[in-house]
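Colleague: Have a look at this one.
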Amino acid sequence: MERQTVTGKWLGMLWDDYLNTIWRDWKGKLGEKDRLDEPQWLKQWLAEHRFPDLPYPDARELAELKQFRSLLLRIVRTLINGEKIGSEDLIAFNAVLAEGLITRQLGGDAEEWKLEYVPLQSNWKQVMADIAADFAAKMADGEPGRLRICDNPDCLWVYYDETRNRSKRYCDDKLCGNLMKVRRHRARKKAEEQR
Ligand SMILES: [Zn+2]
């Protein structure tokens, strides 16, 4: 079932997109930067996900946004390790969810009726709650065992492995996959030369 708000927003690709707001140079040269610190980028991101156009978060809101992102990443890592989410983390996660205010309505038309979720407030708490809801829905309907973090240590892109045999080790086989193959090859060659 599609989870939509009255604006028709897809609550999909939201949680992983949010976790990947820490941008890293997958080639390992330019380091990393935090997209949440870039007002222009954040404005664009809100628009892409059809969130309302919110003012750039104040210091407290920005700290909360980053804290929530750390929490979500910790939960993802816990699930990747096949462990149980700690009770403190679960309480903190549910507290973020609880800050979201929504109501439901029957939308669409006779062609296709839809159960729509309508946000009742327009602020960063609602954005965080929507991201949390998107992740919760994915874990409830999907398989936590498909959560992945790219094996390239310079990349660490977070994604959900949709492949049939659950074998996706890199965010992108052509980019990170090839890079790691080249690195392994070089390391092997170096080791052989040192013999
Ligand atoms: Zn990668």
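Each reported figure results from applying straightforward, stated rules to the coordinates on display, with no laboratory input. Quick caveat, the model's predicted, so the values are computed rather than measured. Note: ideal-geometry Cβ built from the backbone for every residue, glycine included; neighbour counts use all protein chains shown.
Colleague: So how strong a dipole does the stretch 128-195 carry about its Cα centre when Lys and Arg Cβ are +1 and Asp and Glu Cβ are -1, to the nearest 20 debye?
Modeller: Computed about the Cα centre, the dipole is about 720 debye.
Colleague: Go through the cysteines of the chain and tell me which have no other cysteine Cβ under 4.7 Å away.
Modeller: Cys176 - these cysteines have no disulfide-compatible partner (Cβ-Cβ under 4.7 Å) in the chain.
Colleague: Another question, if that's okay. Where q = 0.13, 0.24 Å⁻¹, what log10 of I(q)/I(0) comes from the Debye formula for the stretch 113-195, counting one point per Cα?
Modeller: The Debye formula, applied to the Cα set alone, gives -0.65, -1.10.
Colleague: Counting only DSSP beta bridges with both residues in the chain, tell me the antiparallel percent, nearest 5.
Modeller: 90
Colleague: Right, something else. To the nearest 10 degrees, how steeply does helix 178-193 sit against the main Cα axis of the chain, on a 0 to 90 scale?
Modeller: 20
Colleague: Determine the sum of side-chain charges near Glu83: Lys and Arg each +1, Asp and Glu each -1, restricted to other residues whose C-beta is under 12 angstrom from that of Glu83. Show your work: numbers first, answer last.
Modeller: On the way: positive: Arg74, Arg77, Lys84; negative: Asp89.
Net charge in that neighbourhood comes out at +2.
Colleague: If each DSSP helix of 4+ residues adds -39,500 (n - 2.57) and the sum is divided by the residues in the chain, what number results at 222 nm, nearest 500 deg cm²/dmol? Present the calculation step by step, with values, prior to reporting the outcome.
Modeller: Working: 6 runs with 83 residues, N = 195.
One gets -13500 deg cm²/dmol as the mean residue ellipticity at 222 nm.
Colleague: Work through the residues other than Gln194 whose Cβ is under 13 Å from its Cβ and net out their charges, Lys, Arg +1 and Asp, Glu -1. Provide the component values of the computation, followed by the final result.
Modeller: On the way: positive: Arg186, Arg188, Lys189, Lys190, Arg195; negative: Glu192, Glu193.
Charge balance in the 13 Å sphere: +3.
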